[in-house]
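Student: Take a look at the following structure, please.
The values are calculated or read from the model by the stated rules, or taken from the named source; none is laboratory data. This structure is a prediction, so every number in the text was calculated from the model and none was measured. Note that each Cβ is placed from the backbone with ideal geometry, even for glycine, and that neighbours are counted across all protein chains shown. Accessible surface areas use protein heavy atoms only, side chains included; no ligands, DNA or RNA. Shrake-Rupley method; radii C 1.70, N 1.55, O 1.52, S 1.80 Å.
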Amino acid sequence: MGSKNKLKRFKENDTFSNVIQPTREEITENKFPYKGKWNSNFFKNDAPIILELGCGKGEYTVALAKKFPNKNFIGIDIKGARFWRGAKTAVEDEMKNVAFIRSQIELIEGMFAENEVSEIWITFPDPQIKYKRTKHRMTNESFLASYKKVLKNEGTVHLKTDSEFMHGYTLGLLHGAGHEVLYANHDVYKNEGSPADVTEIQTFYESQYLEVNKPITYIHFKIK
């Protein structure tokens, strides 16, 4: 993507009412205005809040929001030029249950209060295969601890990935730490009984993976 195109998207994001771009200081110094007040101050309803972490173009966020109009969806990614597409689609389609935050995932506790989130989706994250990158894996112990704080007691996490490494690493960590694996599948498009939310919604890159018969894995779990 050219720099002019990026600048154009950044400027357009500034005009979208569904895009929030806080500074790091706002979040870390407890000055983020929506923390604990997403339902009352942003969505103006009492519907469940579902997050997509590392949302990329926002395809999953928007598709889930269309499928479940009685729930609120928030995509989070540090790259605003990517989720511009999802934000623009939501604006054009007058979707009131969609928002995007431009921020780092590790700051999630500064954006949401305890027990404020009902579900978390992690779709096709970078597996960070090198050992020294373990701290950046989005299902490591540190991230899971943060997710648990913002999730409701019965809240769950979905991991959808094309990485067998990420799938195996996460399953091993979940079992080892005593978390509850509700569903796990090494190839959701080849096995019967896969959840509809997982197979009916596809990202652009996911459709490319499927064209070359690359398995898509999925885990649904609860953090204890």
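Student: Among the residues that make up the range 66-80, is at least one of them over 29 Å from Pro195 (Cα atoms), assigned to a helix (DSSP H, G or I), open to solvent by 10 Å² or more (accessible area, probe 1.4 Å) and out of contact with any Pro (no Cβ under 8 Å at 6 or more places or on another chain)?
Tutor: no
Student: Can you go through Gly36, Gly75, Gly80, Gly58 and tell me which one is touching a strand residue (DSSP E or B) at 6+ places or on another chain (Cβ under 6 Å) and on the phi > 0 side of the Ramachandran plot?
Tutor: Exactly one of Gly36, Gly75, Gly80, Gly58 is touching a strand residue (DSSP E or B) at 6+ places or on another chain (Cβ under 6 Å) and on the phi > 0 side of the Ramachandran plot, namely Gly58.
Student: Being aliphatic (A, V, I, L, M) and in a strand (DSSP E or B) is the filter here; which residues of the range 135-154 pass it?
Tutor: Passing the criteria: only Leu151.
Student: Something else now. Checking the conditions here, which among Phe73, Phe42 is within 17 Å of Met111 (Cα to Cα) and either of a type in the set (Lys, Arg) or in contact with a helix residue (DSSP H, G or I) (Cβ under 6 Å, 6 or more places away or on another chain) (or both)?
Tutor: On the way: Phe42 fails: either of a type in the set (Lys, Arg) or in contact with a helix residue (DSSP H, G or I) (Cβ under 6 Å, 6 or more places away or on another chain) (or both).
Testing whether each residue is within 17 Å of Met111 (Cα to Cα) and either of a type in the set (Lys, Arg) or in contact with a helix residue (DSSP H, G or I) (Cβ under 6 Å, 6 or more places away or on another chain) (or both) leaves just Phe73.
Student: Further question on the same structure: Sort out for me the helices (runs of 4 or more DSSP H) sitting completely within the range 160-224 that have 3 or more residues that are at pLDDT below 95 and open to solvent by 50 Å² or more (accessible area, probe 1.4 Å).
Tutor: Result: 204-211.
Student: Within the range 40-63, restricting attention to residues that are assigned to a helix (DSSP H, G or I), open to solvent by 30 Å² or more (accessible area, probe 1.4 Å) and without any contact (Cβ under 8 Å) to a residue 40 or more places away in the chain, which residue is farthest from Ile101 (Cα to Cα)?
Tutor: Per the stated criteria, the residue is Ser40.
Student: A further question follows. Just checking, how many residues over the range 9-38 are assigned to a helix (DSSP H, G or I) and open to solvent by 40 Å² or more (accessible area, probe 1.4 Å)?
Tutor: Number of matching residues: 10.
Student: Taking the range 108-126, which residues are under 20 Å from Lys160 (Cβ atoms), open to solvent by less than 30 Å² (accessible area, probe 1.4 Å) and either assigned to a helix (DSSP H, G or I) or not hydroxyl-bearing (Ser, Thr, Tyr) (or both)?
Tutor: Once the filter is applied, which keeps residues that are under 20 Å from Lys160 (Cβ atoms), open to solvent by less than 30 Å² (accessible area, probe 1.4 Å) and either assigned to a helix (DSSP H, G or I) or not hydroxyl-bearing (Ser, Thr, Tyr) (or both), the range 108-126 yields Ile108, Val117, Ile120, Trp121, Ile122, Pro125.
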